[in-house]
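What follows is a single structure, written as structure tokens, with notes after it.
Taken together, the values in this text are just the output of simple stated rules run on the coordinates, not laboratory data. It should be emphasised that the depicted structure is a prediction, and the values quoted were computed from it without experimental measurement. So basically every Cβ, Gly included, is an ideal-geometry build from the backbone, and we count neighbours across all protein chains shown.
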């Protein structure tokens, strides 16, 4: 089944992800599961399973900045959805687009980087090229400093 949401990643998110992938080998599969079990459930089906929370003071009418708090990481055995992994993303309400901004492990970092989120919002509001990732495994090309995936 094809997702109704287009996914993108900031270069900072990609760097965070790559670093965490070395430590937590299952994180790639875990993120794919979170897309379906948390993000799409919350934004498409409007079901709140208490895993996603808006980041206070950073949401606008068109863009919701959200944090996934219940992120099951198989590499952290025995913790289930209380793994301590956090994912920060922007949901663009009008076009059902998600841009991943930050991923971190609470054992290494206490809270999200609000300056990074504000910088992301500033870029988007100033017309930076959009981030897109429609389907896993597509060819990628760079536009400016943002990675864009295409068929």
Treat each spin label as a single point 7 Å out from the Cα along the C-beta direction, and report the residue 15 to residue 59 distance in nm. 2.9
Output the relative contact order of the stretch 1-100, whole-number percent, from Cα pairs under 8 angstrom with separation of 6+ residues. 29
Rank these for me by crowding, 7, 89, going from fewest to most other beta carbons within 10 Å. 7, 89
For the stretch 1-101, radius of gyration divided by Kirkwood radius, i.e. Rg to Rh on alpha-carbons: 0.95
Rank-order 62-71, 22-31, 106-115 by packing density, defined as the average count of other C-beta atoms within 10 Å over each peptide's residues, highest first. 62-71, 22-31, 106-115
